[in-house]
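A.B. asks: Please find one structure pasted underneath; my questions will follow.
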Amino acid sequence: MEQGTITTPEQISPTIFIICGVTGDLAQRKLLPALLSLYTKKLLPKKFKIVGFSRREFTDADFRLFLKEEMHIKRDVYRPEDIHHFLNNVVYQQGQFDSQVAYENLSKRLAQIDDLEFKQCSNKLFHLSVTPSFYETILGQLSKSGLTIPCGGNLGWTRILVEKPFGNDIETAQKLDALLGTLFKEEQIFRIDHYFAKEALQNILAFRFSNSLFEPLWNNQHIECVHIQLLEKIGIEGRGNFYDSIGALKDVGQSHILAMLAQLVMNEPASFDAHNIRKERANVLKNIRPITSRNICESAVRAQYVGYTEEPGVSKSSNTETYFQIQTNIDSKVWKGVTFYLESGKALSENKTEISIYFKDKTKQNKPNILSLRIQPDEAIKIRFWVKKPGFGMQTEPKTLDFHYRDFHAPQSIPDAYERVLYDAILGDQTLFTSTDEIKYAWKFITPIIDSWKTLPLERYQKGSKRPNLNTL
Ligand code: BG6
């Protein structure tokens, strides 16, 4: 693999991070802690400011006190003075998301920082840390206020980070893209799927293309089937309103599971840059065999955990799935005939995100070699192979070769996915962000499944089940 040119964030000119919805859970749990971590690692631009933009009333000082309480800060990791210096770079701007005046005030605040502190026009990185129902309003107002216009010349780019779910189906995703397209060029838009930024997921490309031992086997001549699982112990964690309107397939299937699939089976890109990598990932999604009302019953199951409809914010008669399993194929020369099982669920007995590749069993004795790529927790690579059992016979037994990240790397040396997301957005590298084509093909695959499920009964499973006891595929 080639190594691209590295510019360090410290060399980037002054930058302001504007977090819309800064008092919300995502900002407190992920974004601000990631910025703090980058700050302590000296991976932010030398001159930076964070402007929190939200509806509640705070002075800057009160907002910093709020952050000290609410923000998830690993106090055993950071020195108090580092936290203090970091928080001194955070300011607050109150505003209603639909009020034009609020954006005029935000604009004045940003200009003030540029004039008085940076003495130059800074870069602006906007993050929409709000529910998607606010996207249109906020984007429209940002545009009207001129906040998205870069300073021009070599100074002051503007970029936007948008969280998943990106739209609700193909139409809404394309409408959102069209709206974004009126405000930003494609290279300014960073659609987040934080799974791409997970260390063990990025490693898939390194593992495949740096080891001549495995890549020759990465095709339908040698692989029988692939299981991709994202299993969670947690339920919906107080997100009833949001979750009940989307369900498991849209929440993680359309994004994280397909991200893993694309990363796993994409063709080797012409070069390892954002354009070529995203193009190859999109090609995988384009070729997933469609599931429609004709083959839904033998290709997909969905279920809901018992007690889900009692969760706050969830409709008592909800038909939303909290678990799904899909069986599909990829219609390409390389993958024809290989079955892919995609599975995810909440309130299960374990936390496990893993890709297992079952190789063809040439012995025909049901003794496949299995290569497991553990994405989390306990990132690892394991290979199951067969050896002769010591003794006089010729029986074989399975053994495992494994590599665990934790045996070689301290946990803090593995960046959190959001650190990586922000780091790459600052550098302007879109490799780990979803392209408009990937979004389009992902929805194209998911939407007919959701539509077909509408007329089919929903199965149930007990909370804490190992795997739902369903009529599985
Ligand atoms: C989010 C989903 O995108 O990903 C959540 O909305 C899910 O429902 C989460 O729990 C899983 O991400 P991670 O990083 O905790 O594996």
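A.B. asks: Please calculate the 1.4 Å probe accessible area of Glu397, with all protein chains present, and give it to the nearest 10 Å².
C.D. replies: Looks like 40 Å² after rounding.
A.B. asks: Could I ask something else about it? Please give the peptides 120-129, 186-195 ranked by average Cβ packing (other Cβ atoms within 10 Å per residue), highest first, as a rough proxy for protection.
C.D. replies: 120-129, 186-195
A.B. asks: Using the Cα centre of the chain as the reference point, and only Cβ charges (+1 on K/R, -1 on D/E), how large is the resulting charge dipole? Debye, rounded to the nearest 20.
C.D. replies: 1040 debye
A.B. asks: Of the beta bridges DSSP finds with both residues in the chain, what % are antiparallel, to the nearest 5?
C.D. replies: Among the beta bridges of the chain, antiparallel pairing accounts for roughly 55 percent.
A.B. asks: Rounded if a/c is under 1.5, else prolate if a/b beats b/c, else oblate: with a ≥ b ≥ c from the C-alpha gyration tensor eigenvalues square-rooted, which is the range 419-473?
C.D. replies: Verdict is oblate for the range 419-473.
A.B. asks: Using alpha-carbon pairs under 8 Å, 6+ residues apart, how would you state the relative contact order of the range 82-207 in percent?
C.D. replies: Relative contact order here is 22 percent.
A.B. asks: Taking Cα pairs under 8 Å and at least six residues apart, what relative contact order does the range 135-251 come out at, in percent?
C.D. replies: 22 percent
A.B. asks: How about the range 325-359: which trypsin sites (Lys or Arg not before Pro) there lie in a loop by DSSP and see at most 15 other Cβ atoms within 10 Å?
C.D. replies: Lys333, Lys336
A.B. asks: Would you mind calculating the gained length between Gln462 and Lys175 on full extension (0.36 nm times residue separation, minus the Cα-Cα distance), in nm to one decimal?
C.D. replies: Separation in residues times 0.36 nm, less the Cα-Cα distance, equals 99.5 nm.
A.B. asks: For the range 1-84, run through the GluC sites (Glu not before Pro) and keep only the ones in DSSP coil with at most 10 other Cβ atoms within 10 Å of their Cβ.
C.D. replies: Glu2, Glu57
A.B. asks: Still on this structure, please answer the following. Please report how far the C-alpha centroid of the range 323-356 lies from that of the range 51-84, rounded to the nearest whole angstrom.
C.D. replies: If we compute the Cα centre of each part, the gap is 40 Å.
A.B. asks: Testing the spin-label approximation: label points 7 Å from Cα along Cα→Cβ at Thr40 and Phe272. State their distance in nm.
C.D. replies: According to this spin-label approximation, the distance is 2.9 nm.
A.B. asks: Further question on the same structure: Quick one: grab the alpha carbon gyration tensor of the range 289-377, order the square roots of its eigenvalues as a ≥ b ≥ c, and give me rounded if a/c is under 1.5, else prolate or oblate depending on whether a/b is larger than b/c.
C.D. replies: oblate
A.B. asks: To continue, here is another question. Considering only protein heavy atoms, with the full assembly of protein chains and a 1.4 angstrom probe, order Val101, Val334, Val421 by accessible area, largest first.
C.D. replies: Val101, Val334, Val421
A.B. asks: Determine Rg/Rh for the range 207-349; Rg is computed over alpha-carbon atoms and Rh is the Kirkwood hydrodynamic estimate from the same atoms.
C.D. replies: Dividing the radius of gyration by the Kirkwood radius yields 1.04.
A.B. asks: Treat the range 223-275 as a sphere of radius equal to its Kirkwood radius over Cα pairs and apply Stokes-Einstein at 20 °C in a medium of 1.002 mPa s; give the translational diffusion coefficient in µm²/s, rounded to a whole number.
C.D. replies: 156 µm²/s
A.B. asks: Moving to a separate point now. Can you pull out the trypsin sites (Lys or Arg not before Pro) in the range 411-473 that DSSP calls coil and that have at most 11 other Cβ atoms within 10 Å?
C.D. replies: Of the trypsin sites (Lys or Arg not before Pro), the ones in loops of the range 411-473 whose Cβ has at most 11 other Cβ atoms within 10 Å are Lys454, Lys466.
A.B. asks: Quickly work out the Thr8-to-Arg406 label distance, labels modelled 7 Å from Cα along the C-beta direction, and quote it in nm with one decimal.
C.D. replies: Rounded to a tenth, the inter-label distance reads 3.2 nm.
A.B. asks: Express in nm, to one decimal, how much length is gained between Val101 and Ser349 on full extension, taking 0.36 nm for each residue of separation and deducting their alpha carbon distance.
C.D. replies: 84.3 nm
A.B. asks: Using a probe of 1.4 angstrom, how much of the accessible area of the chain is carbon and sulfur, in percent?
C.D. replies: The value for the chain is 50 percent carbon and sulfur by accessible area.
A.B. asks: Full extension from Ile149 to Asp62: what is 0.36 nm times the residue separation minus their Cα-Cα distance, to one decimal in nm?
C.D. replies: Between Ile149 and Asp62, full extension yields 28.2 nm more.
A.B. asks: Something else: Got a number for the accessible area of Phe196? Probe 1.4 Å, square angstrom, nearest 10.
C.D. replies: Probe radius 1.4 Å; accessible area of Phe196 about 10 Å².
A.B. asks: May I ask for the angle, rounded to the nearest 10°, between helix 436-453 and the longest principal axis of the chain, with both axes built from Cα atoms and the value confined to 0 to 90°?
C.D. replies: For helix 436-453, the angle is close to 60 degrees.
A.B. asks: I've got another one for you. In degrees between 0 and 90, to the nearest 10, how far off the longest principal axis of the chain does helix 274-286 point, with axes built from Cα atoms?
C.D. replies: 50 degrees
The values are calculated or read from the model by the stated rules, or taken from the named source; none is laboratory data. None of the values given here were measured: they were computed from a predicted structure. Quick reminder, even Gly has a Cβ in these numbers, built from the backbone with ideal geometry, and neighbours come from all protein chains shown. These area figures cover heavy atoms from the full protein model, side chains too; ligands, DNA and RNA do not enter into them. Shrake-Rupley method; radii C 1.70, N 1.55, O 1.52, S 1.80 Å.
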